[in-house]
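S.K.: Dumping the structure here so I can ask a few things about it.
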Amino acid sequence: MLATQLAALTETREGLTETLAVVDGFDDALVHGLSRLGAAQSAALAALASAVAVTPLGDRVNEAVEKISAGSIGDEHLAALAAARSALLGAVHDELITGLDTALGRTRTAWTEGATPAEAIRSPRGAARAWLAELAITGWRGVEHELVSGAAQAIDGLLADPASRRLAVLLDGLAAELRASSPVATAELVPIRRWADLWTRAVLLAQDSWTPAATAETVTGRLLILGVDLHEHPTAVQAEVHAVLETPGGPTRLVRTAVSATKVDTVVGPAVWKLFTAYPVLIAALAERRSVEITDMPLLDGGDLYWIDGQAVAGAPAEPFATARVQLAEAAAPATQPLDRHPARIGELVLVEGYQLTKGDGYVAFAIGDDAIVVDTDRLPAAGPLTWNLVVASTACIGLLRWDAGTWTLQPLALQAIVKKKPAEAHTADWAQGPTDPKVVKAAARAGDAVAVLRERAGRLLRK
């Protein structure tokens, strides 16, 4: 990344602050509950209606605000409010992505609406809408265990239909967070934006008219892996792989692919890689820094490759930093699916080098020219070799640009550094086949193999 690119990226985008303020006002109304609107909350709903007045949503949102202010709250009114909130955050997302593409000179595939699948709605989404409506009417501060338990019936019905499991998992996650915080009235902090995001997405997915719009093509070519973003949760882990896809006679594209596994909260650190046994080709390619030859693998419109390990073969060694320097600037970025247009979902792959380190109280930034970008060291996973000290010693970084709390940050996926006067390189997935740091190996040996123990115990139970 050049100084001019970073300067253009960090320019203030017009209207973002005002748009987010409208969203914040609506989110505050959800804290209090739509049945208990004060002057501030009523003004916030009016501001939401005003913000989308000239759009196709204008009339519906204005009607919804009038009805809710009068005490009449229907499913269609909540759907209109959720759509308006989603549209505003989508506009923020689009403005940020436009600025990023302009700064980096990046081309991006335009979104084209695919044919809507002609499939019947088999799951009872009405129960989900009823529970979400009760949440909105009551408000987060009024949530107690009894209200949370009402989600169970809706979730059970949705899980029975594969087409609705996305909504089921979302509701289950929201209910779990609310349950952990109940009664919310006594909670010290409320994750206002997060819960409003989950509620909004769930309301939209719960509409009977909603069906998945993404279409897929099959692709064959060479995958050049640039980095891995590892997501850990007490009960699940996911490796999201970012790569360049070369196809014979076709364009070079930026793509993602993700593989997941369930786990227990005692499996942490480098041990999580042992859970990906269903993906030996991908895991070997990550650990050995190899390219991957793929055949007839589905690629969704949003740039997500549906990974099928049996349709992949590990190829020749491929140096990620060399690939990034040669290919990253020319590769076309994918379009964003409409429902995924949200600032929090931005994670754009970049190569940053030629920077100076600046440090403050608990933070590190990469400075290029008169501008700097903060490094999100909180996202460094314990399952890989990337550390704060390596960030400080680094000279080049492959990472994901993210936008959080009004500013851009950089999440490292790979680093080149000078360690003990010698060049060094580290990637998140370097330990995908086991840690290579002797200290980590010794620590793991002392702690024991939690995954092997759990599998052995599970085997005993199955034999019984």
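S.K.: How much of the pair distance distribution for segment 68-223 lies past 23 Å, counting alpha-carbon pairs only, in percent? Please report the intermediate quantities before stating the final value.
M.R.: Details: 6014 of 12090 pairs.
The proportion of pairs with Cα distances above 23 Å equals 50 percent.
S.K.: Also, I was wondering about something else. Using only the C-alpha atoms of the chain, find the volume of their convex hull and express it per residue in Å³. Present the calculation step by step, with values, prior to reporting the outcome.
M.R.: On the way: hull volume 85.1 nm³, N = 464.
For the chain, the hull spanned by Cα atoms encloses 183 Å³ per residue.
S.K.: Straight-line reach from Lys359: which lysines fall under 22 Å, measuring Cα to Cα and dropping same-chain residues less than 8 apart?
M.R.: Lys420, Lys421
S.K.: Among Ala53, Ala206, Trp307, flag the residue with its Cα farthest along the positive direction of the charge dipole of the chain, charges on Cβ as +1 for Lys/Arg and -1 for Asp/Glu.
M.R.: Farthest along the dipole direction, towards plus: Trp307.
S.K.: In units of 2.2 N^0.38 Å, what is the alpha-carbon radius of gyration of segment 278-337?
M.R.: On the way: Rg = 12.8 Å, N = 60, 2.2 N^0.38 = 10.4 Å.
Segment 278-337 yields a ratio of 1.23.
S.K.: Bin by bin, in steps of 5 Å, what percent of the Cα pairs in segment 216-327 do you find, going until the bin that has the longest distance?
M.R.: P(r) over segment 216-327, rounded to whole percents: 2, 12, 23, 24, 19, 12, 6, 2, 0, 0.
S.K.: What's the longest uninterrupted piece of the chain once you rule out the GluC sites (Glu not before Pro) that are loop residues per DSSP with at most 12 other Cβ within 10 Å? Mind showing how you got there, number by number?
M.R.: Values: sites that count: Glu11, Glu14, Glu113, Glu119, Glu188, Glu330.
Between the exposed loop sites, the longest stretch runs 189-329.
S.K.: Could you run the Karplus curve 6.51 cos²θ - 1.76 cosθ + 1.60 with θ = phi - 60° over segment 376-389 and give me ³J(HN,Hα) per residue in whole Hz, x for Gly and Pro?
M.R.: Rounded to whole hertz, the list is 7, 6, 5, 8, 5, x, 6, 8, x, x, 6, 9, 4, 4.
S.K.: With r defined as the distance between the Cβ atoms of Ser69 and Arg165 and R0 fixed at 30 Å, what FRET efficiency is calculated, to the nearest 0.05?
M.R.: Details: r = 36 Å, r/R0 = 1.20.
Computed FRET efficiency for Ser69 and Arg165 comes out at 0.25.
S.K.: Right, here's the next one. How large is ³J(HN,Hα) for each residue in segment 159-170, as worked out from phi by the Karplus curve 6.51 cos²θ - 1.76 cosθ + 1.60 (θ = phi - 60°), to whole Hz, x for Gly and Pro?
M.R.: Running phi through 6.51 cos²θ - 1.76 cosθ + 1.60 with θ = phi - 60° gives 5, 6, 10, x, 5, 10, 5, 4, 5, 4, 5, 4 Hz.
S.K.: Plugging the Kirkwood radius over Cα pairs into Stokes-Einstein for segment 342-431, at a temperature of 4 °C and a viscosity of 1.567 mPa s, what D comes out in µm²/s? Don't skip to the end; give the middle numbers.
M.R.: On the way: Rh = 13.3 Å.
Translational D for this selection: 97 µm²/s.
S.K.: Ranked by Cβ crowding within 10 angstrom, fewest neighbours first, how are Leu223, Leu351 ordered?
M.R.: Going from sparsest to densest Cβ surroundings: Leu351, Leu223.
S.K.: Of the listed peptides 45-57, 98-110, what is their order by residue-averaged count of other C-beta atoms within 10 Å, with the highest listed first? Walk me through the numbers before you get to the answer.
M.R.: On the way: 45-57: 17.2, 98-110: 15.5.
Ranked from most to least packed, the peptides come out as 45-57, 98-110.
S.K.: Ok, one more. In whole Å, how far is the Cα centre of segment 57-98 from that of segment 121-188?
M.R.: First find each Cα centre; the distance between them is then 20 Å.
S.K.: Using helices alone, what [θ] at 222 nm do you get for the chain, with -39,500 (n - 2.57) per DSSP H run of 4 or more residues, divided over all residues and rounded to the nearest 500?
M.R.: Details: 15 runs with 185 residues, N = 464.
Calculated mean residue ellipticity at 222 nm is -12500 deg cm²/dmol.
S.K.: Just to be sure I understand the model, the point goes 7 Å from the Cα along the line to the Cβ. What's the resulting Asp24 to Thr395 distance in nm?
M.R.: Distance between label points: 4.3 nm.
S.K.: Based on other C-beta atoms within 10 Å, arrange Thr112, Thr257 from fewest to most.
M.R.: Thr112, Thr257
S.K.: Shifting gears a bit: Quote the charge dipole size of segment 342-431 about the Cα centre in Debye, to the nearest 20; the model charges only the Cβ of Lys and Arg (+1) and of Asp and Glu (-1). Walk me through the numbers on the way to the answer.
M.R.: Values: 7 positive and 10 negative charges, 62 e Å.
Here the size comes out at about 300 debye.
S.K.: About the Cα centre, and with charges only on the beta carbon of Lys, Arg (+1) and Asp, Glu (-1), how big is the dipole of the chain? Nearest 20 debye, please. It would help to have the intermediate numbers written out before the result.
M.R.: On the way: 41 positive and 54 negative charges, 342 e Å.
Approximately 1640 debye in magnitude.
S.K.: Using 0.36 nm per residue, how much length does the chain from Glu134 to Thr266 gain when fully extended, once their Cα-Cα distance is taken away?
M.R.: Here the segment from Glu134 to Thr266 would lengthen by 43.9 nm.
S.K.: Can you put Lys442, Lys422, Lys67, Lys274 in order of Cβ neighbours within 10 angstrom, beginning with the fewest?
M.R.: Details: Lys442 11, Lys422 7, Lys67 15, Lys274 19.
Final ranking by Cβ density, sparse to dense: Lys422, Lys442, Lys67, Lys274.
A short reminder: the numbers here are calculations on the coordinates, not readings from a lab. The structure displayed is predicted, hence computed values, not measured ones. Note that we place each Cβ from the backbone using ideal geometry, even for glycine, and neighbour counts take in every protein chain shown.
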